[in-house]
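Comments concern the structure below.
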Amino acid sequence: MNHDVTKNLERARRSLEKNKLREAVSAFQDVLNEEPSHPEALQALADIYTRLNEPARAAEYYGHQFDRYAQTGDAAKASAIFARFLRAFPQPPARLVQYAMLLQRQNKPSEAIENFSAAAELFRQQNSDIEALACCESMALLDPENSARHASLAELAERMGHADLAARSYLRAGQLTLASGSLTPALDYFSRAHKLLPEDRSVALLFAEARLRNGEAEGAVALLEPFWPAEKDAAFLALFGESLMLAGQLDRAREVIEAHYKQSPDTYERLFELAAAYLRAGEDQKAVSWIAETKRWMRESRRDAELASEMDHLAATFPASLPLAETISSTYEELNRETKYFEALTRLFDLYLEAGKMKEACESLERLVDIDPYDSRNQERIAVLEGKADPAFLRNILARAGKAATVVTRAAGFSGDVPDEGGAALAPEEGHVQNALEDLIVQAEIFLQYSLQPKAIERLERIAELYPGEEEKNERLRALFDRANWWPQGAPPAAVAPPPKPAPEKPAVSPPSPPSTVAAPTPAETHRDLAAIAGLNRIMYRQVTPREVLAAMAAEIGKHLKVTRCLAAVGAVDETSQFIAEYFAPGVPALGAPLISSIIPLVSKATPDELGGVALEASSEPALREFGFESALGVALTDKETQAPWGAVLVGDANARKWKPNESFFLQAAGDQLVLSVNHTRMQSLVRSMAVADEKTGLVSRGAYLDCLLMESKRAREQATPISLVILHIDHGSELLRQHGDAAVESFMGKLSRALSSATRQTDIAVKYTAWSLVFILSDASLERATTLAEKLREVAATVSLPWAAGNVTVSAVVAESTSRQGDDIEDRVTEWINRAESGLDQVRERGGNTLVPLATP
């Protein structure tokens, strides 16, 4: 240490000891003259001036201490000195910046901003713009959501020629202002940024977006145009495409929107926005051309549900566009959305009439009648076409509609008769009215049976419209309304109290006392039984008739429970259509039918346990010994639709046996499944005879095709069984139709249908698909099994004689198994299945016909 510094320090310390403060000040100042940053001298002078009550002089030396601590990184001491001794006195801007930086590191943004702001003002007064700009930039970083700070920074940076910083700051100020809802100032900030950096893409994007929000679509296009040729970013493409659409440059927008969709398929809505823009501009043909492309892309990406939804929206928005209605109609047909297709055809028929296109109107009407001959408006449509369309065509349509529902239309001026070419009138046949009502009721019952509630209600609405008040005299119809929970007036009629029932006669044999409560079976006990029930379900589903179902069920129950005998009776005791079945163990004699039927009252009069079973002992029920039983377990069967008693199942053992809870559970579950399966086989027969059958061949018509597929697909998924379809296609059918006429081809198809019925199971559903093709829906059939059947059908078809004199006919087949991906929507699954089968027909045509095309499941 310098000798003079040491000497002055000793002198200063002695003065302090003697409390001679002024002499100490003089000595410490001499130390600083020799060594300006001497820490002891600085500290001592600051303390002495504080004792002398001269705070301004003390602050001068505390400031020197702050600078030293800040430079050495002792932030705590530096901050403490500034807060205690320097805050009240003006400080140089550099020291304020130092303090602000310390506060920033201590996560005290508001205090840091305050000191940066004070420093920036002092720098401006000193014309130190670079330092002031740095302070403003720090404040903007500390307060990023304050648009005013970013704007202030931008203006200062612009004055100083810092274009990049100014543009970024204007851009941020514009974004914040726009987010707050102030569009006009935001546009000003974006405009300033764009002037500074006209070639910057991000600036152009934000400015264009703001101009688009302000209704300046053409200005937005001008901003984005320079970047378009090489641009691939999805956000840019979305903004540019929207700008072009709103600017009316639809053809250019088409290219941009296509590029955007191919990059981001989830943006398919924009495709339909362009179609709507074409339609609003009156360019319907361009709209449908664009929709055709859009449809192809969406179907390739399996977005059928979204496609249908968007088409619904277009149909509702532009109901008067004929080209659009034609496109929507064909789309619904391809998607197999039958209800939507029918609605589209209805609208199309009306539009064709308005446009004077009678030929097309007739074609639409024919398709409407094919789908739903019961629609009450069919008669009105025929009336509108009277005198404008071919009389022979109208007679044919009227006959087809008349057979479905012979109700004279209430349209003014139309009697329901269409004159033929010779002047005679075609009047409805007598008796058709009652037949049509019966057909409609049967269809509604079948739809309810298969849980097709909307379809059933459609039929009930037709009944209410065509036969008002019929339910008042038709008990069957009233019951049907009740099952569907739908009534013509919106609510069921007031209930009529039933007559009091007579008191039941006392039974000759007192029923056994109710058994004690049975505990529910444990998971371990029921696991094997549940697996067996699933197996029973698959076995019964393969049976053709109710009797076969009952026999299979009795055998499987008997084997599973290892009993002496299993007896099953379905139907009330007094029904002539009652079915019975028996299983008996080896060496046990068979019983007679009357004895088996007697199990129904035996089981139904007893009180079941909590699991639905009825445990019986020969000691209390001697009638059991007639069956060779010492103990038995039974369940009563109930029709789930009417809740009426519907039969019983009884298993028994020649020896005394204590029945387990899981056995009672199994028997009850098997009995419930038995009821469902017998009903199913009955419904299968009804489907073939109901009024939706094709008139010429007796097969299910095309109108019921989709419903059958949905019904059978749902059943296959629930039962985890495969399901396939076969399209049997007469090669060159259109050419045969031209050569030999409708009557000859229809005659051949009728003979073919009858010949093929012997080659299929009763559970298989045959559909008249087109004028020259049939479809077979094969339950519980894999692709391999269905392919074998398809080859057999082709062989049988080759043996059918032709109604015309010369020539030969070849038959092709397409086989497709339904997919079974978990979580699939049934409707989407069926649509994909149909489309895949249709693609097989394309392969048939490419091969020239006379071929079999099995399609592997994707």
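The values are calculated or read from the model by the stated rules, or taken from the named source; none is laboratory data. Just so you know, these numbers come straight off a predicted model, no measurement behind them. Ideal geometry is used to build each Cβ from the backbone, glycine not excepted, and the neighbour counts take in all protein chains shown. We work out accessible area using only protein heavy atoms, side chains counted, and drop any ligands, DNA or RNA first. Shrake-Rupley method; radii C 1.70, N 1.55, O 1.52, S 1.80 Å.
Sorted by accessible area with a 1.4 angstrom probe, largest first, how do Thr857, Thr788 fall?
Listed by decreasing accessible area, they come as Thr788, Thr857.
Among all the lysines, which ones have a C-alpha under 24 Å from Lys7's C-alpha, if same-chain residues fewer than 8 places away are not counted?
Lys18, Lys20
Considering the options Ala120, Pro144, Met245, tell which one lies farthest towards the positive end of the dipole of segment 114-272, charges being +1 on Lys and Arg and -1 on Asp and Glu at the Cβ, about the Cα centre.
It is Met245.
Taking the Cα centre as origin and putting +1 on Lys and Arg beta-carbons and -1 on Asp and Glu beta-carbons, what dipole magnitude results for segment 592-673, to the nearest 20 debye?
100 debye
Sketch the reach of a paramagnetic label on Ala56 as a point 7 Å from Cα along Cα-to-Cβ, and name the residues of segment 67-92 whose backbone nitrogen lies under 11 Å away.
Once the point is set 7 Å along Cα→Cβ of Ala56, 90 turn out to lie under 11 Å by backbone N, inside segment 67-92.
Express in Å², to the nearest 10, the accessible area of Ile826 obtained by rolling a 1.4 Å probe over the protein heavy atoms while all chains stay in place.
30 Å²
Starting from the 7 Å offset along Cα-to-Cβ, what nm value, one decimal, do you get for the label separation of Asp482 and Ser330?
5.1 nm
Let me cross-check His680: its accessible surface, 1.4 Å probe, with only protein heavy atoms counted, in Å² to the nearest 10?
My reading of the accessible area for His680 is about 20 Å².
Round to the nearest 10 and report in Å² the accessible area of Met101, as given by a 1.4 Å probe over the protein chains' heavy atoms.
Surface open to solvent at Met101 totals about 80 Å².
Report, ordered by chain and residue number, the lysines lying within cross-link reach of Lys751, taken as a straight Cα distance under 21 Å and ignoring same-chain residues fewer than 8 apart.
In chain and number order, the partners are Lys696, Lys768, Lys792.
Hey, got the dipole for segment 748-838? About the Cα centre, +1 on K and R Cβ, -1 on D and E Cβ, debye to the nearest 20? Present the calculation step by step, with values, prior to reporting the outcome.
Numbers: 10 positive and 12 negative charges, 112 e Å.
Computed charge dipole of segment 748-838: roughly 540 debye.
Keeping all protein chains in place and using 1.4 angstrom, which order do Glu471, Glu827 fall into by accessible surface area, from largest down?
Working: Glu471 30, Glu827 75 Å².
So the residues, ranked largest to smallest area, are Glu827, Glu471.
Quick check: at a probe of 1.4 Å, how many percent of the accessible area of segment 730-837 sits on carbon and sulfur atoms?
Result for segment 730-837: 49 percent of the exposed heavy-atom area is carbon or sulfur.
What's the carbon and sulfur percent of segment 303-352's accessible surface, probe 1.4 angstrom, rounded to a whole number?
Roughly 52 percent, rounded to a whole number.
Probe radius 1.4 Å, ligands and nucleic acids ignored: give me the carbon and sulfur share of the accessible area of segment 39-104 as a rounded percent.
Working: 1750 of 3200 Å².
Answer for segment 39-104: carbon and sulfur cover 55 percent of the accessible area.
Can you work out D for segment 258-397 in µm² s⁻¹ from Stokes-Einstein, where Rh is the Kirkwood radius over C-alpha pairs, the temperature is 10 °C and the viscosity is 1.306 mPa s?
Values: Rh = 16.0 Å.
Rounded to a whole number, D works out at 99 µm²/s.
Give the lysines whose C-alpha is closer than 30 Å to that of Lys108, dropping any in the same chain fewer than 8 places away, or say none.
Answer for Lys108, where 30 Å is the Cα cut-off: Lys77, listed by chain and number.
Need one number: convex hull volume per residue for segment 709-778, Cα atoms only, in Å³.
87 Å³
With every protein chain left in place, what is the accessible area per residue of segment 590-676 in square angstrom, probe 1.4 Å? Before the final figure, lay out each step's value.
Working: 3560 Å² over 87 residues.
For segment 590-676, the per-residue accessible area is 41 Å².
Under a plain spin-label model, where a point goes 7 Å from the Cα along Cα-to-Cβ, how far apart in nm are Gln106 and Glu283?
Distance between label points: 6.7 nm.
Hey, rough spin-label estimate for Lys77 and Ala230, points 7 angstrom out along Cα→Cβ, what's it come to in nanometres?
Using points 7 Å along Cα→Cβ, the separation is 5.8 nm.
How many Å² of accessible area per residue for segment 291-377, probe 1.4 Å?
With the other protein chains kept in place, segment 291-377 gives 41 Å² per residue.
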